Amino acid sequence: MSAPIEMACPNCRKTLKVPPAVFGKKIKCRHCGHAFVVQVPKARAESGAKPAAASPPPAKNPFLDDDDDGPAKIEVITDNDHLPRCPHCAQLLDPPDAVVCIHCGFNNVTRAKANTRKVWAPTFEDWFMHLLPGIIALAIFITLIVVDVISYINMREWIEGTFLEMDEKDAAGQKRFFVPPGFFITFIIMASLAIGVPAGRYAYRRLVSEFRPPEKVKA
């Protein structure tokens, strides 16, 4: 009979003495109750050695240490009857302490079943077509702000020499106009607000608060 090897439980890190007969099988650590599959040691796998054939368990496993200070005990799991199941669909809970069943959506705390549906993962085209309108709206919003600033700075210069210019000058020595530059600036800003505010709101909604493409439900 092959000698057992020592390995650590992935959950409690206690040392387990594992006989080769259980390589590839699921066992349960009797120290913490964690169930896991015993992986074939790397050196044994590379050498091509096969685990010893399983034999009926003896009344007392000689590879297990009953001393509480020694390696923790293991238990080979032959079925899943001991694992918790969903009370609604009877499927195994994953993880065992899951509140919501991933198979049917049943909530083990509220005792209510959530509506579940299968959806397609969004593709690059879905992302692009969903975000493109928001990007355009953001570009319009920024362009209008730039237009307002440029108009405020250059409006007087733009209307100088036109029919709106008067021969008179104001107290500051600047030329006077039949229609003051401030009128045009105010008109441009008001028009920009009428277009820019909805565009800015749409850009924020599409690019920030609702940036994910709509779900496509599988038939």
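The values are calculated or read from the model by the stated rules, or taken from the named source; none is laboratory data. Please read all numbers here as calculations on a predicted model, not as lab measurements. Don't worry about glycine lacking a Cβ; one is built from the backbone with ideal geometry, like all the others, and counts go over all protein chains shown.
The condition of being in a strand (DSSP E or B) and surrounded by fewer than 16 Cβ atoms within 10 Å (Cβ to Cβ) holds for only one of D97, D167, that being D167. Quick one: how many residues across the range 72-87 are part of a loop (DSSP other than H, G, I, E, B), at pLDDT below 75 and surrounded by fewer than 17 Cβ atoms within 10 Å (Cβ to Cβ)? Result for the range 72-87: 6. Residues that are among the aromatic types (F, W, Y) and within 13 Å of P214 (Cβ to Cβ) within the range 99-135 comprise W120, W127, listed in sequence order. Among the candidates R205, R156, the residue that is free of Cβ contacts under 8 Å to residues at least 40 places away in the same chain, part of a helix (DSSP H, G or I) and either farther than 30 Å from G134 by Cα or among the charged types (D, E, K, R) (or both) is uniquely R156. The residue that is modelled with the lowest pLDDT, counting only those in the range 117-135 that are surrounded by fewer than 13 Cβ atoms within 10 Å (Cβ to Cβ), over 13 Å from R206 (Cβ atoms) and not acidic (D, E), is R117. Given the structure, is R30 touching an Asp or Glu at 6+ places or on another chain (Cβ under 6 Å), modelled with pLDDT under 75 and basic (K, R)? Answer is yes for this residue.
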